[in-house]
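The values are calculated or read from the model by the stated rules, or taken from the named source; none is laboratory data. Quick caveat: nothing in here was measured; it's all calculated off a predicted structure. Heads up, the Cβs are rebuilt from the backbone with ideal geometry, glycines too, and the neighbour counts pull from every protein chain shown.
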Amino acid sequence: MREHDTHVTRAWVLHPDILSDRQRREPGPALQEGVALAAALPDLEVVGADVIRLPKPQPAGLFGTGKIEELRRVFEEAEVELVLVDGPLSPVQQRNLEKAWDVKILDRTGLILEIFSDRAATREGVLQVEMAALSYQRTRLVRAWTHLERQRGGLGFVGGPGETQIEADRRAIDDQLVRLRRQLEKVVRTRALHRAARAKVPYPIVALVGYTNAGKSTLFNRLTGAEVMAKDMLFATLDPTMRAVRLENGLDVILSDTVGFISDLPTELVAAFRATLEEVLAADLICHVRDISHDGSEEQAADVREILEGLGITDATPMLEVWNKLDLVADEDAEALRARAERDENVLTVSAITGEGMDALLEAMRAALDAQKQTEDLVLGFDAGKQRAWLHERGVVTQELQTEDGFEITVNWSAKQAGEYRQL
């Protein structure tokens, strides 16, 4: 809790398990994740959590009237002030439930937005969150109708009371979105320049990706000695953190820690955080960090792969799967995991907390990056000073011989460097 805040909000988490939803998640782990999401907000105490099974959602209030009344009594007794519904709510459902229960309600999108706005640190992160929040708010303006009728008394315009005010609010939001989009384009351009500057550095980029709370930031800290916020909470990192580092085995790389992925990420946020994940597209090697102690580890891994495919990551970028949090797994299960990983050179078992498996991970990184390199012979004339300087700057030259006509140069480089060179 923050020192200057005295009030802690009492919250209850509900996970609607909708039987008619073909893509429904396993209710137990889904509820756990909902509670972990809530715990990521400051000054919030989760006093209860339930899975509510539903044959299908009710348009007016999501749940049936009997269940709404039963929950009202539970919330009243527990003095609940905020209910977090781990799923989507329409504006009408949200308004009706707030009225019935006399509490503030956040659906999954609203909750994730709250966390994002609390965590975003860079200018780009802040702008992206603002845009996502406005897009979400725009769809909720229907909630203003009841109080507008009361305040304005309805002027009898066609379309019903309060309509003109809602239109004005929507226009104001649209204007703000245009302004933010312009600012964001500027920031993204600046980042593109930073990326171009980094491309001149002869270091390969290694991106850590994974489901939120998989331990990426802890692993990043272990590998780099950097002090990145690494707390056991969802979405602890919302902005990619990059460090040029010499790993313990002498390998120089740029290591990038990215925002955690999550299933059913609201569409507003997928778009908003696309640029945050652009760093992954530039990576020479991706390390997919998994919390192997989590019951839903397989489902989480499938979600991450789906998002990477959506970003346009292909098999051309090598990927290591890093099974983290081995220290939280029972001894015999840990042994079985180690044995499974040994059969696949692209899978490693580690504990970012105890340091187990770090040497093997570093060696696998080096091997994966070296495997991409190829040796090539180039012939440059004396007039190709720019190209020759470029090759030496990147440290790819293994042999150079001066001839009467220029230089015969042998290089050892990655396909990415070869492509960059050919664009000169």
* Structure fact -> Wholly inside the stretch 317-424, helices (runs of 4 or more DSSP H) that include 2 or more residues that are at pLDDT 90 or above are 331-342, 358-371, 385-393
* Asked: Can you tell me which of 100, 132, 144, 120 is modelled with pLDDT under 90 and either in contact with a Lys or Arg (Cβ under 8 Å, 6 or more places away or on another chain) or farther than 18 Å from residue 261 by Cβ (or both)?
  -> 144
* Would it be correct to say that residue 51 is modelled with pLDDT of 95 or more, under 21 Å from residue 265 (Cα atoms), assigned to a strand (DSSP E or B) and more than 24 Å from the chain's Cα centre (by Cα)? -> yes
* Asked: Would it be correct to say that residue 45 is more than 20 Å from residue 170 (Cβ to Cβ) and not in a helix (DSSP H, G or I)?
  -> yes
* To do: Report the residue count in the stretch 102-119 for those that are assigned to a loop (DSSP other than H, G, I, E, B) and among the β-branched types (Val, Ile, Thr).
  => 1
* To do: Those residues that are under 20 Å from residue 415 (Cβ atoms) and basic (Lys, Arg), I need them from the stretch 357-396; list them, please.
  => 366, 373, 394
* Structure fact -> Counting only residues that are without any contact (Cβ under 8 Å) to a residue 40 or more places away in the chain and in a loop (DSSP other than H, G, I, E, B), the stretch 60-84 contains a total of 3
* Count, please, the residues in the stretch 201-224 that happen to be closer than 18 Å to residue 362 by Cβ and among the aromatic types (Phe, Trp, Tyr). => 2
* Structure fact -> The residue from 331, 344, 303 that alone is surrounded by 12 or more Cβ atoms within 10 Å (Cβ to Cβ) and either under 31 Å from the mean Cα position of the chain (by Cα) or without any contact (Cβ under 8 Å) to a residue 12 or more places away in the chain (or both) is 303
* **Complete set of residues in the stretch 84-119 that are surrounded by 21 or more Cβ atoms within 10 Å (Cβ to Cβ) and under 22 Å from residue 182 (Cβ atoms)** => 113, 116
